[in-house]
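Read the structure below first, then the notes.
The values are calculated or read from the model by the stated rules, or taken from the named source; none is laboratory data. What you are looking at is a predicted structure, and each value in this text was computed from that prediction instead of being measured. Glycine gets a Cβ as well: all are built from the backbone with ideal geometry, and neighbour counts include every protein chain shown. What goes into the accessible areas is simple: the full protein's heavy atoms, side chains included, and nothing from ligands, DNA or RNA. Shrake-Rupley method; radii C 1.70, N 1.55, O 1.52, S 1.80 Å.
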Amino acid sequence: MTTNISLALLIPLFPLLAYFVQVFVGKRLPRMGDWVSLGAIFLSFVAASRIFLSMFNHFDPAWVETWHFTWFDLASLKTPFKLEIGVRIDNMSSIMLFMVTLCSTLIHLFSTGYMRNHHGEPEDGYRYASFFAYLSLFTSAMLGLIISDNLFTLFMSWELMGLCSYLLIGFYRHKISAANASLKAFMTTRVGDMGLFTGMLMLFTLPLANGQALGSFRFDDIYAAIQSGQFNFTIGGFHAAAVIGLLIFCGTVGKSAQFPLQVWLPDAMEGPTPVSALIHAATMVAAGVYLILRMFPLLEVGGVLTIVAYVGAFTALFAAILAIKQNDIKKILAYSTLSQLGYMVMAVGLGAYQASFMHLITHALFKACLFMSSGAVIYAMHHEQDIRHMGGLRKKIPITFACMFIATLAISGVPMFSGFVSKDKILVAAYAFGILDHSQHFFIPLAGFLTAGLTAFYMFRLIFKTFFGEPHDHHHYEEAHEVSFNMFVPLVVLAGLSLSVLFTGSLTGGLLGEGDFILKGANNWFETLVTNASFSAGHGEAWHEHLHHAHMPGMILSLVVASIGITFSYLVFGAKKISADKLAALWPSFVHKAIDNLYFFDWFYIKILIQKVFMPFSSFCAIFDDKVIDQGAVDGVKNVTQATKDVAGILIDDVLIDGLLVDGVGGAMPSALGSTLRTLQNGRVQRYLLVAVAALVVVLIWRGF
């Protein structure tokens, strides 16, 4: 076992131990043990940093370290069953570990201030310790998922995160809306998880092209089977890799809130803001994208990448449209997360998995900054979340404003910031795929570029309405103040990490060409190390040629749409040159109704699918179970058996056995014989002589014949 593997095992172990400490003794510790959870995740961050530096020292796209062991081996069974699990460290997991531990450490630090009231006391008494216990377990599950070298332990961590999300989203248990949101998140993600679990079982058990089952969940074994062509068989007339790949993709659809299972993520805002930051940036939703990045070869060989791209593109565009009309500061960021996750999934579908992974990392950093900045705004405004009641806050909370503004520039795709780099790569890939390569798929680049413009528009709408203009709630405005040190330090760190130079070595993200790179030796280190880390997209030379030609027009177009979005937002909400009400009036009422009702997804799922289909079907099944299974089959068989028993008891047992055989042979027959013999054996000599003479006569007659 190498040093990196040992450190990787410790990374999820530290927060897991913190969870147990918090559960058993956290309420008795000073500050209810928040320092235990913070210290544990910080140790994980130190270990992850060591692995991250080791990756840089190797600077090899193919660098990988693995360690595995046999968990159990049931060789004595008729069908032997062997399960191997272990740890896998490569460039992708190293970067992911660094990002998750960094964001989680900063979120834990932010929580030590946010989850206390303005007097420094826990806002919910002893629940403060429970909050950090859940936070530690949540983080530990995500870290365990990242280091897994197999789908089995990945799925275990995956499900543990689902449980933690339920506990954290519904943390404010006195709120009915929070309880409903936690249940909605848990049940919705279960739908996708069933698809993932089914795909895993098929992957493990189905005979491959060579007639043998794979019998393994390990990524290396799956990749080897793909490369050797072992998935060239069909399931029900469909390509096996396509069926299994789509089932596994269902897990991503649920966990990363893609169409049509996107409904749970906005409601997850009912949880505390640090939870929102953790779910939307570093853990749960990132896990879904990470899954399909790991399983990219299976999706590629199954030929389902185009389906993946359409799901991502549709989610990105329609979530961005919903964000335009939101007024809750956290809901705006929630729909923004939906939209950006759509970008990542779309990029995987386009084969640009490097761009998808880069956007996963950059988005985690600036989205964590945005959520914690929104938390600082809410904290300063005494838990007011409606941006219509804000305004002018840049003068009251300048540090929060600066950090949130930088993160907004990043998500809007402005040069010099990380979002420009990762989003540009995705949009260039969309341009090459849908315009130069497959013109019939024009919706994908159209959705991508429209989403970029809408993102810039609604994010700057948030900035202008929150920090500029005149305050709308003077009472809260007068009491607003900058957050404490432990709350604004995470914002400053994450804002600094939103600069493009950290990912490309260029101040502008390579906008001005090779001469723009100032960190020599670190030029595009991210793309260099992630490319071909475990596999490579199977595009031909024509694709790479189209990608090269698409770079400049794609980048220019992305800058144009972002500029239009920012400018238009300024004219409407900043300078107020254009009336927002008049602008809204240009759209038909049915458009507003559709957006206000979130495209009627909740209505369809609850009113139609659940109440009209599932509940009647459930009632039918209950009646069928009661009337047919219980009363018909179970009770019916019981009644027939009872009747048979009764008949058998009367006719056979009572009459034949007891009456005839037992009572007859043992009672009536001996009694009758005894009575007969008793008349003969009466003690009268004359009768004895008569019998003897009669017997003698009979014998003589018999002998005479």
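Of note:
- Applying the Karplus relation 6.51 cos²θ - 1.76 cosθ + 1.60 with θ = phi - 60° to the range 205-220 yields 3J(HN,Hα) values of 9, 5, x, 7, 4, 7, x, 9, 6, 4, x, 8, 9, 6, 4, 4 Hz, where x marks Gly and Pro.
- Backbone amide hydrogens, once placed in the peptide plane, bring residue 71 within less than 5 Å of 83, 84, 85, excluding anything fewer than 5 places away on its chain.
- Percent RCO, i.e. relative contact order, over the range 51-195, from Cα pairs under 8 Å lying at least 6 residues apart: 17 percent
- Taking Cα centre as origin and charging only the Cβ of basic (Lys, Arg, +1) and acidic (Asp, Glu, -1) residues, the dipole magnitude of the chain rounds to 1080 debye.
- Alpha carbon centroid spacing (whole Å) that separates the range 141-188 from the range 619-647: 41 Å
- Translational diffusion of the range 324-380, µm² s⁻¹ [Kirkwood Rh, Cα pairs; Stokes-Einstein; 25 °C; 0.890 mPa s]: 201 µm²/s
- Crossing angle, helix 284-294 versus the chain [Cα axis fit, 0-90 degrees, rounded to tens]: 90 degrees
- Ellipsoid fit via the Cα gyration tensor, the chain: semi-axes of 71, 32, 27 Å, each the root of five times an eigenvalue, largest first.
- Peptides 198-205, 576-583 ranked from most to least packed give 198-205, 576-583, packing being the mean of other C-beta atoms within 10 angstrom over each peptide's residues.
- Carbon/sulfur fraction of accessible area - the range 4-63, other protein chains in place, 1.4 Å, %: 75 percent
- Eligible aspartates and glutamates near residue 638 by straight Cα distance, threshold 14 Å, same-chain separation 8 or greater: 630, 646
- Out-of-range pairs (alpha-carbon distance over 25 Å; input 175/612; 331/425; 184/627; 27/184; 465/582): 175/612; 331/425; 184/627; 27/184
- Between helix 541-569 and the chain: long-axis angle, C-alpha atoms, 0 to 90°, nearest 10: 70 degrees
- From most to least packed by mean Cβ count within 10 Å, the peptides 129-142, 449-462, 1-14, 343-356 give 343-356, 129-142, 449-462, 1-14.
- When both the range 548-564 and the range 369-405 are represented by their alpha-carbon centers, they are found 32 Å apart.
- Residue-averaged [θ]222 nm for the chain, counting only DSSP H segments that reach four residues, each worth -39500 (n - 2.57): -20500 deg cm²/dmol
- Computed lengthening from residue 703 to residue 177, 0.36 nm per intervening residue step minus Cα-Cα distance: 178.0 nm
- Residue by residue, the range 356-363 carries 3J(HN,Hα) couplings of 4, 5, 5, 5, 4, 6, 5, 5 Hz when phi is fed to the Karplus relation 6.51 cos²θ - 1.76 cosθ + 1.60 (θ = phi - 60°); x denotes Gly or Pro.
- Farthest positive-ward along the chain dipole, Cα basis, beta-carbon charges - from 146, 629, 412: 629
- Normalised size of the range 255-323, defined as Cα radius of gyration per 2.2 N^0.38 Å with N residues, equals 1.23.
- Relative contact order (%) - criterion: Cα under 8 Å, at least six apart; region: the chain: 11 percent
- Taken over the C-alpha atoms, the range 293-335 has Rg and Dmax values of 14.8, 43 angstrom.
- Placed amide H near residue 235: partners under 5 Å, 5+ positions off or other chain: 240
- The share of accessible area on the range 229-362 that comes from carbon and sulfur is 67 percent, using a 1.4 angstrom probe.
- When Rg and the Kirkwood radius Rh are both evaluated on Cα atoms of the range 363-409, their ratio Rg/Rh stands at 0.96.
- Rg of the Cα atoms in the range 559-663, relative to 2.2 N^0.38 Å, amounts to 2.82.
- With 0.36 nm allotted per residue and the present C-alpha distance subtracted, the residue 628-residue 235 stretch has 138.1 nm of extension available.
- Listed by chain and number, the aspartates and glutamates whose alpha-carbon sits under 20 Å from that of residue 577, ignoring those within fewer than 8 places in the same chain, are 470.
- Helix 685-704 and the longest principal axis of the Cα set of the chain meet at an angle near 90°.
- Distance from the range 284-360 to the range 62-92 (C-alpha centre basis), Å: 30 Å
- Solvent-accessible heavy-atom area per residue, rounded to whole Å², over the chain at 1.4 Å: 43 Å²
- Put simply, the amide H of residue 392, placed in the peptide plane, has neighbours under 5 Å in 467, 468, 469, leaving out anything fewer than 5 places away on its chain.
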